[in-house]
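Computed from the coordinates by the stated procedures, all read-outs in this text should not be read as laboratory data. Keep in mind the model is a prediction, meaning the values are calculated, not measured. FYI the Cβ positions are ideal-geometry reconstructions off the backbone, even for glycines, and counts take in every protein chain you see.
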Protein chains: 2
Amino acid sequence: MSVTADAAEPTRSARVSGIDKVERRRIALAESALKTLGELGYARTSLREIANNSEFTHGVVHYYFRDKIDLISYCVRYYKTKCAQRYDEVVETAESADDLAVGFLGKMTQTLVEETAMHRLWYDLRAQSMFEEQLRADVTAIDELLEQMIWRILTRYADLVGGSPAVDSPTAYALVDGLFEQAVVGYAADPEKVPDLLAGRVRQILPKLIAA
Amino acid sequence: MSVTADAAEPTRSARVSGIDKVERRRIALAESALKTLGELGYARTSLREIANNSEFTHGVVHYYFRDKIDLISYCVRYYKTKCAQRYDEVVETAESADDLAVGFLGKMTQTLVEETAMHRLWYDLRAQSMFEEQLRADVTAIDELLEQMIWRILTRYADLVGGSPAVDSPTAYALVDGLFEQAVVGYAADPEKVPDLLAGRVRQILPKLIAA
DNA sequence: ACAAAGTCTTGACGACTGTCAAAAGGCTGG
DNA sequence: CCAGCCTTTTGACAGTCGTCAAGACTTTGT
């Protein structure tokens, strides 16, 4: 569906080029919103703050999005299209278990460092979804995407190492995610060491998830 | 330090029985606040809402706590004294690896079911602490406590099984916590199956964390 | 070039927030 | 039993929030 907007639909009979323009505006808004959300977190981010940190006014936000949840929800869906295919290239090009492990861990620490804010926001939103029903659907959708991503890596790893996964897909995801979340939470306190610690720990765990 | 209050200190020359009374009031407020926080989450909980769901008025809250963060922070510290010793009895009384595993998993699923709201709040607060400095210290303190708790269980388990831990303490905690958080997040969607799934998964993982 | 549709700005609204101060009530020591 | 401190209530404040409407501006079809 590619980030379709069942949203505010501001223009009813949009011209052929207009619908693209609207979509572009929405994406621009979303990207700006994501920047602010990543810095302040869900709770402390207001629509006015989002508008302030962008080239738009707060009225525009409500013109392109029905309400706050609609915007956030759109942001989340937009974000997901970017995040879950992060390791796909590594999975496809790796020709040995070590290739895969090194590539995977490299990408992982890279995104931890370069997109810390976005990961913070993700864990924030997942927590918020426990209290706000309207976020639930989008959050679980992303969770499934991430789970599948980890599963692709693990099964490929098993292939290369000549074994098979010793745990099911949700378990594998929960374990890796636990390590990653720990790294995201602790990153602010020690940006130097945390990435390497994470890499080492995941590397240590990976083989344990494979059975001969 | 046992939930000491470097807080509002409302009464300066409190009578000997007065200081207890103040502390009791604080605890009552905190317990009521935790109930509301557990239901609504950190962001959506206001001081007035906390007061409404209690026998006190909103003025009293500010009489016993300097501000909102002071209250939340006190709640968190109060909560931690209850949560981290949950498995201690099991660890001490278990005489076989199976004893320990069964007891541990039992308590774990029990607290998942009976104190879901409190666990939701915990993951919410940990996420918030990434954005709100004032929560950071208390949150990491609890995290360390929980880590030590898991470590006690794992080392005891290793003893009983005649091996030694194959991962370090932070890793073990991150893995188990990942599984538990997954269960907490998913509990609302399927309260029937999630506890058993969690138990099964942890049981599957435990032996993998031990080296001969 | 004109009218219509789309886009954007601005200002306002009601509701809610954390915080505080003034005053009333209650308890205890003398 | 009264004075004085502790506790609580109540009402108000300044600020922020999401939302919306009225109008101005811009683009487009004809």
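Descriptive notes on the structure:
- 10 Å Cβ neighbours from other chains, averaged over peptide A:130-137: 4
- Nearest-first distances (nm) between copies at residue B:67, label 7 Å from Cα via Cβ: 3.0
- Axis-nearest residue of B (beta carbon) for the B-onto-A rotation, whole Å: B:178, 1
- Longest site-free stretch - chain A; sites: GluC sites (Glu not before Pro), DSSP loop, at most 14 other Cβ within 10 Å: A:96-191
- Shortest first, residue A:133 label-point distances to identical copies amount to 3.9 nm, with the label point at 7 Å from Cα along Cα→Cβ.
- Mean projection area, nm², convex hull over Cα of the protein assembly as shown: 24.5 nm²
- With a 10 Å cut-off around each Cβ of B:118-128, the average count of Cβ atoms from other chains is 4.
- Between the Cα long axis of helix B:133-161 and the first principal axis of chain B there is an angle of about 30°, rounded to the nearest 10.
- Taking label points 7 Å from Cα along the Cα-to-Cβ direction, residue B:148 and residue A:155 give a separation of 4.4 nm.
- Of A:68/B:68; A:82/B:208; A:107/B:193, pairs whose Cα-Cα distance is over 27 Å: A:82/B:208; A:107/B:193
- In chain B, a dipole from Cβ-located charges (positive for Lys and Arg, negative for Asp and Glu) runs towards its positive end, and of B:150, B:180, B:78 it is B:78 whose Cα lies farthest in that direction.
- Cβ-placed point charges (K, R +1; D, E -1), dipole of chain A about Cα centre in debye, nearest 20: 580 debye
- Rg and Dmax over the alpha-carbon atoms of segment A:84-211 stand at 14.8, 44 Å.
- Chain B: relative contact order as a whole-number percent, Cα under 8 Å and 6+ apart: 21 percent
- Viscosity 1.002 mPa s, 20 °C: Kirkwood-radius Stokes-Einstein D of segment B:16-76 over Cα pairs, µm²/s: 187 µm²/s
- 10 Å Cβ neighbours from other chains, averaged over peptide A:200-210: 3
- With its label point defined 7 Å out from Cα along the Cα-to-Cβ axis, residue A:44 lies at 2.1 nm from the matching points of the other copies, in increasing order.
- Amide H contacts for residue A:210 (H built 1.01 Å from N in the peptide plane; partners 5 or more residues away or on another chain; cut-off under 5 Å): A:166.
- Counting only alpha carbon atoms, the long axis of helix A:68-83 and the longest principal axis of chain A meet at about 40°.
- The angle separating the long axis of helix B:97-114 from the principal Cα axis of greatest extent in chain B is about 40 degrees.
- Percentage of interatomic Cα-Cα distances in segment B:106-157 larger than 16 Å: 54 percent
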